[in-house]
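Report on the structure given below.
The values are calculated or read from the model by the stated rules, or taken from the named source; none is laboratory data. Just so it is clear, the structure is predicted and the values come from calculations on it, not from any experiment. Every residue, glycine as well, gets a Cβ built from its backbone with ideal geometry; the counts of neighbours run over all protein chains shown.
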């Protein structure tokens, strides 16, 4: 009986000790007092730690070996905080108030400025799921495509495209965008007949690949960001907010960094809101030795498109508080097999956005919608 009492006492004592070594609390925005989701929390100088949940709450058991160390708190868009563990262990519940990070880029030296710009872009990429619409998401777009050969207009196609995005910007990645976005051509007007696959192919999927916020690629890929040189071009105004204009170029003009299999150079410029790190605009200029006619990311042994140069732009606007792509365009020139200069122009403007869109399966790589004269006679093209 005595041994049993001693055993129960030891169990109680050990359990109480374990409970005493637990830090519980919530990480909040010092201004709004709202919880900060997925804050990194760890013992300084070690890999031991945890993260806050979607509401900012956390719980961390502290082993004896760390009970005299310091605990750091780090969240995207906020200044770091470091606190002594012994002080935190004295509290039953602690409220960690992080201060939103602000950057006065134009007042610091070039080396420090570069580090800040990297942080700005990383923050903007990380906050896409917070700042942009989640799916299901429906977009109605006006699509226009022209092709000129040796300066003469050869093809012109206009269309209305219905785009369905199952996950929206909730999980931005190349694979998620490819598998979750589907589209169909509901109205078409063109000045040519589609007698061949190249003529029938719309290139709409390739244009969608310019949506950097949705694909989280090139400069928005954290694993690749260190391979880009960044410079602050200036600070401008947009919708009553200040916007960083950051120019970039990469030292590695490969497929991963450019999205183009044969790229030789990439220069770009990205516009990021200082208010909440929304990406407002991204534009990029790429030179390539050649391109596959079906997609710039594919390999080819032919020279159907050589000495390629193209400039693309993606812009983003708020729709009822959340952002989504608003406009995409690509202006491309190359030499064809007959050494004639070809100019391509593709543009897509969002006409409508809704979150109750009809689900679409598949992709219309080759449009086959009928021309309806009455529709185009009354259709108002976006400016």
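Within region 78-94, the set of residues being outside any helix (DSSP H, G or I) and in contact with a strand residue (DSSP E or B) (Cβ under 9 Å, 6 or more places away or on another chain) comprises 78, 79, 80, 81, 82, 83, 84, 91, 92, 93, 94.
Could you tell me whether residue 208 is in contact with a helix residue (DSSP H, G or I) (Cβ under 8 Å, 6 or more places away or on another chain), surrounded by 15 or more Cβ atoms within 10 Å (Cβ to Cβ), closer than 29 Å to residue 135 by Cβ and free of Cβ contacts under 8 Å to residues at least 40 places away in the same chain? Spell out the reasoning first.
Details: in contact with a helix residue (DSSP H, G or I) (Cβ under 8 Å, 6 or more places away or on another chain): yes; surrounded by 15 or more Cβ atoms within 10 Å (Cβ to Cβ): yes; closer than 29 Å to residue 135 by Cβ: yes; free of Cβ contacts under 8 Å to residues at least 40 places away in the same chain: no.
Spelling it out, it is not the case that residue 208 is in contact with a helix residue (DSSP H, G or I) (Cβ under 8 Å, 6 or more places away or on another chain), surrounded by 15 or more Cβ atoms within 10 Å (Cβ to Cβ), closer than 29 Å to residue 135 by Cβ and free of Cβ contacts under 8 Å to residues at least 40 places away in the same chain.
Is it the case, given these coordinates, that residue 286 is buried (at least 21 other Cβ atoms within 10 Å of the Cβ), over 19 Å from the mean Cα position of the chain (by Cα) and closer than 25 Å to residue 117 by Cα? Taking the combined requirement at face value, the residue satisfies it. Any residue at all in region 122-135 that's in a strand (DSSP E or B), assigned by TED's automatic domain parsing to the domain that holds residue 167 and either more than 30 Å from residue 383 (Cα to Cα) or at pLDDT 90 or above (or both)? So far as region 122-135 goes, yes, one or more of its residues are in a strand (DSSP E or B), assigned by TED's automatic domain parsing to the domain that holds residue 167 and either more than 30 Å from residue 383 (Cα to Cα) or at pLDDT 90 or above (or both).
Restricting region 14-59 to residues that are within 14 Å of residue 90 (Cα to Cα) and either within 31 Å of the chain's Cα centre (by Cα) or surrounded by 15 or more Cβ atoms within 10 Å (Cβ to Cβ) (or both), the residue that is modelled with the lowest pLDDT is 21. Go through region 60-83 residue by residue and tally those that are surrounded by fewer than 17 Cβ atoms within 10 Å (Cβ to Cβ), over 16 Å from residue 127 (Cα atoms) and under 25 Å from the mean Cα position of the chain (by Cα). Count: 1. Here residue 301 meets each of (1) closer than 27 Å to residue 129 by Cβ; (2) part of a loop (DSSP other than H, G, I, E, B) with one exception, condition (1).
Screening the candidates 349, 345 for the property of being under 20 Å from the mean Cα position of the chain (by Cα), part of a strand (DSSP E or B), in the same structural domain as residue 124 (by TED's automatic domain parsing) and closer than 15 Å to residue 145 by Cβ yields one hit, 349. Looking only at region 259-293, count how many residues are touching a strand residue (DSSP E or B) at 6+ places or on another chain (Cβ under 7 Å) and modelled with pLDDT under 90. The qualifying residues number 3. Counting the residues of region 147-174 that are within 22 Å of the chain's Cα centre (by Cα), in contact (Cβ under 8 Å) with a residue 60 or more places away in the chain and closer than 20 Å to residue 347 by Cβ gives 2.
Looking across region 217-231 at every residue that is in contact with a strand residue (DSSP E or B) (Cβ under 6 Å, 6 or more places away or on another chain) and over 18 Å from residue 129 (Cα atoms), the one that is surrounded by the fewest Cβ atoms within 10 Å (Cβ to Cβ) is identified as 229. Among the residues of region 348-359, is any loosely packed, with under 15 Cβ neighbours inside 10 Å, more than 19 Å from residue 209 (Cα to Cα) and out of contact with any strand residue (DSSP E or B) (no Cβ under 9 Å at 6 or more places or on another chain)? No: zero hits.
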